[in-house]
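Here is the structure we will look at.
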Amino acid sequence: MKEARPGSASPSTQGASRSAGIYALGFRRLTHNRLAVAGMALIIIFAVAAVFAPLLSPYNPVKQNYDAISEGPSAHHWLGTDQLGRDAFSRLLHGARTSLTVGFFTQFIILGIGVPIGILAGYLGGRIDNLLMRGVDIVYAFPDLLFIILLRSVLGGGIFMIFLAIGLVAWTNVARLTRGQVLSVRQEDYVTAAVALGGATPWIMVRHVLPNIVGPLLVLVTFAVPRAIFVEATLSYIGIGVPPPAPSWGTMIQDGYTLIFVAPNLVLFPAIAIGTVMLAFTFLGDGLRDALDPRISRGRA
Amino acid sequence: MGKYFLGRLLWMAPVLIGISLITFLVMHLVPGGPWSREKQLAPAVIENLNRRYGLDDPLWKQYVVFLGRTLRGDLGVSYIYQDRSVTAIILQGVPKTAAIGLLAFTVALGVGVPLGMVAAIRHNTWMDYLSVQFATVFAAIPGFILAFLLIYVFAVQLHWLPTGGWGKPQQLVLPAAALAALPTAYIARVARAAMLEVLGQDYIRTAHAKGLAPAVVYYRHALKNALIPVLTITGPELAALVTGSFIIEQVFSIPGVGRLFVQGVFQRDYGLIMGSVLFYAGVIALLNLLVDLLYSLVDPRIRFG
């Protein structure tokens with residue numbers, strides 16, 4: 001009995017301290033990766049632009065000014081104005097808001113669907129696992145962008161419905177990853193020990209399984225953010241993104257495209273903004289992956 | 001092995017049925033239908049139209065009818081194009097979508113593999129760094145964004161190429177380039193990693209040691225083995241290319257299947273939506289299967305049980 005006691009305490013504390021060690025080490029490695037640091041810096045710049053957009057914008061992004069239509073860049077309008085006389089720089093800043101909001105909040109839906117399904121499938125196994133994973137296969141086989149467009153056109157509504165449309169399609173990767181991690185973690189001695197000690201299944205999942213999947217999930221989410229940003233831009237581009245007149249980079253591209261020969265800056269700047277944000281997140285994601293798991297080679301995510 | 005692929009082929013049926021069922025339910029999720037226009041039609045007209053197209057039947061019956069027809073290759077009628085069947089409309093779009101997709105894929109392989117090879121052979125030289133940078137940047141930027149940058153440079157500034165349309169060969173260049181960039185980057189990355197690994201093997205050292213010309217060692221001995229990992233990602237790449245093409249079609253006004261889908265969604269043309277979704281899903285499933293098949297042919301070490 002006496003010997004069992006330290007043994008019973010150690011699995012949980014050991015698990016916690018080991019994962020903390022991995023993250024501390026990972027963060028140190030991350031800060032030594034120049035591309036990842038550059039990505040982080042860019043993301044911070046975009047985040048600041050998004051949060052403080054109302055303060056930083058010289059003009060109201062939706063206010064139309066018929067005295068200044070389709071102007072080129074000038075001292076008054078740094079990036080020019082669109083065909084309704086709206087200030088392109090102000091719209092770009094507010095567009096960062098839309099993009100980052102969709103990028104981040106969609107992840108909650110993706111995780112909210114994917115993690116429970118992955119945990120259930122991996123931990124319960126057997127028939128339930130089979131059923132859930134066949135479901136994942138079917139959703140996975142769906143041409144995702146088409147399905148999101150279909151859902152979006154049917155759901156209608158505001159920005160929340162965009163999170164939902166993307167989330168309902170994009171959770172399969174998270175579910176697969178979670179299931180795989182659960183399958184490997186449940187073989188670990190400390191989980192066997194927790195089961196032997198009579199730990200309830202939900203408690204074991206939260207206490208022992210979840211901490212172990214945080215790292216890989218973080219990497220996956222870092223790659224899913226730019227994907228969601230891209231999907232939002234695409235939706236807005238074809239006219240079913242955030243409802244107008246709210247500024248979105250995709251909408252700006254679509255609005256500006258008719259004037260591409262006259263005022264190409266209206267298309268160029270939002271396009272560059274989308275490209276830069278996606279690059280930044282990819283750099284960070286690559287860095288995170290290498291930092292958290294040095295065994296993974298630099299292949300495709 | 002034949003059994004494995006037969007199983008895979010058979011598994012496609014429930015996947016496609018599942019996809020069609022989900023699509024069907026989503027399409028009918030909300031009230032309204034193909035007749036909800038800005039100019040309201042008289043209720044009696046709508047009723048007649050619904051009866052004519054079987055839209056007043058219970059949902060399950062509509063789905064069963066649809067499934068039966070589809071199995072016979074008949075995707076039903078389009079509500080936009082009253083004079084043609086959905087099958088005919090989709091078949092008209094397929095060659096366009098396929099042309100861009102295949103062109104882009106050929107470019108991706110033709111540029112990506114040599115790029116990765118050169119990077120590996122000239123490991124840690126400026127050529128290597130340059131190709132790695134290229135791969136990193138283009139793997140992150142979607143074709144959709146690249147399309148606008150390409151249009152700006154080659155159509156707006158240089159006036160070399162048209163901004164879009166269909167019919168002339170020069171109209172293929174920009175869409176194919178925009179579509180090819182991403183897979184090119186991935187293929188270059190994987191080819192480089194694979195080549196580096198192969199070049200470290202003993203048999204390569206032996207080949208060099210017995211005095212073979214470097215070109216012979218690289219092409220005859222190394223490339224073949226390095227291509228296997230490239231082939232592995234070909235399936236997902238091709239699938240991504242097929243779905244990615246839909247937005248490229250949108251940007252360059254190419255009348256392919258992707259445009260038909262978007263049109264269908266906006267006009268709530270159930271037949272067009274279903275037809276194009278099934279086309280994309282079917283192509284993706286088939287491509288993945290094909291790549292697995294090739295994979296096992298190329299590498300005799302791989303056995304599917």
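The values are calculated or read from the model by the stated rules, or taken from the named source; none is laboratory data. Just so you know, these numbers come straight off a predicted model, no measurement behind them. Note that each Cβ is placed from the backbone with ideal geometry, even for glycine, and that neighbours are counted across all protein chains shown.
Can you tell me which residue among B:273, B:248, B:228, B:254 is surrounded by 19 or more Cβ atoms within 10 Å (Cβ to Cβ), away from every other protein chain (no Cβ under 13 Å) and in contact (Cβ under 8 Å) with a residue 60 or more places away in the chain? Quick ask: steps written out before the conclusion?
Working: B:273 fails: away from every other protein chain (no Cβ under 13 Å); B:248 fails: away from every other protein chain (no Cβ under 13 Å); B:228 fails: surrounded by 19 or more Cβ atoms within 10 Å (Cβ to Cβ).
Only one candidate qualifies: B:254.
With respect to residue A:192, is the statement that it is assigned to a helix (DSSP H, G or I), over 18 Å from the mean Cα position of the chain (by Cα) and within 14 Å of chain B (Cβ to nearest Cβ) true?
Values: assigned to a helix (DSSP H, G or I): yes; over 18 Å from the mean Cα position of the chain (by Cα): yes; within 14 Å of chain B (Cβ to nearest Cβ): no.
When the stated conditions are applied, residue A:192 does not pass them.
Tally the residues that are within 14 Å of chain B (Cβ to nearest Cβ) and farther than 20 Å from residue B:138 by Cα, restricting the search to the stretch A:233-247.
Residues of the stretch A:233-247 within 14 Å of chain B (Cβ to nearest Cβ): A:233-241.
Filter once more, keeping what is farther than 20 Å from residue B:138 by Cα: A:235-241.
Adding up the residues that qualify gives 7.
Kindly indicate the residue of the stretch A:250-276 that is touching a residue at least 24 places away in the same chain (Cβ under 8 Å) and closer than 16 Å to residue B:138 by Cβ and also nearest to the other protein chains (Cβ to nearest Cβ) among those meeting that condition.
Checked the stretch A:250-276; the qualifying residue nearest to the other protein chains (Cβ to nearest Cβ) is A:274.
Would you confirm, using the coordinates I've provided, whether residue A:52 is among the hydrophobic types (A, V, I, L, M, F, W, C), modelled with pLDDT of 80 or more and farther than 17 Å from residue A:281 by Cβ? Before you say what the answer is, go through the steps one by one.
Numbers: among the hydrophobic types (A, V, I, L, M, F, W, C): yes; modelled with pLDDT of 80 or more: yes; farther than 17 Å from residue A:281 by Cβ: yes.
Answer is yes for this residue.
Residue B:187 - would you say it is under 24 Å from residue A:261 (Cα atoms) and within 14 Å of chain A (Cβ to nearest Cβ)? Talk me through it step by step, then tell me what you get.
On the way: under 24 Å from residue A:261 (Cα atoms): no; within 14 Å of chain A (Cβ to nearest Cβ): yes.
When the stated conditions are applied, residue B:187 does not pass them.
Restricting the search to the stretch A:156-191, which residues are among the small types (Gly, Ala, Ser) and within 13 Å of residue A:220 (Cα to Cα)?
Just the residues of the stretch A:156-191 that are among the small types (Gly, Ala, Ser), to begin with: A:156-158, A:165, A:167, A:170, A:175, A:180, A:184.
Answer for the stretch A:156-191, where residues must be among the small types (Gly, Ala, Ser) and within 13 Å of residue A:220 (Cα to Cα): A:170, A:175.
If residue A:156 passes every condition in (1) away from chain B (no Cβ under 14 Å); (2) surrounded by fewer than 18 Cβ atoms within 10 Å (Cβ to Cβ) but one, which one does it miss?
That leaves (1) as the condition not met.
Quick one: which helices (runs of 4 or more DSSP H) sit completely within the stretch B:15-124 and have at least 2 residues that are within 28 Å of the chain's Cα centre (by Cα) and loosely packed, with under 12 Cβ neighbours inside 10 Å?
On the way: elements: B:43-52, B:59-71, B:86-121.
Fully inside the stretch B:15-124 and qualifying: B:59-71.
Select from the stretch A:229-255 the residues that are of a type in the set (Gly, Ala, Ser) and in a loop (DSSP other than H, G, I, E, B) and write down the one among them that is farthest from residue A:46 (Cα to Cα).
A:239
If a residue has to be modelled with pLDDT of 75 or more, of a type in the set (Phe, Trp, Tyr) and more than 11 Å from residue B:86 (Cβ to Cβ) to count, how many in the stretch B:260-305 make the cut?
So the count comes out to 3.
When you look at residue A:216, is it part of a helix (DSSP H, G or I) and within 10 Å of chain B (Cβ to nearest Cβ), yes or no? Can you show your working first?
Numbers: part of a helix (DSSP H, G or I): yes; within 10 Å of chain B (Cβ to nearest Cβ): no.
The answer is no for residue A:216.
In this structure, is residue B:187 crowded, with 21+ Cβ neighbours inside 10 Å, under 21 Å from residue A:270 (Cβ atoms) and β-branched (Val, Ile, Thr)? Outline the logic, then answer.
Values: crowded, with 21+ Cβ neighbours inside 10 Å: yes; under 21 Å from residue A:270 (Cβ atoms): no; β-branched (Val, Ile, Thr): yes.
No: the conditions fail for residue B:187.
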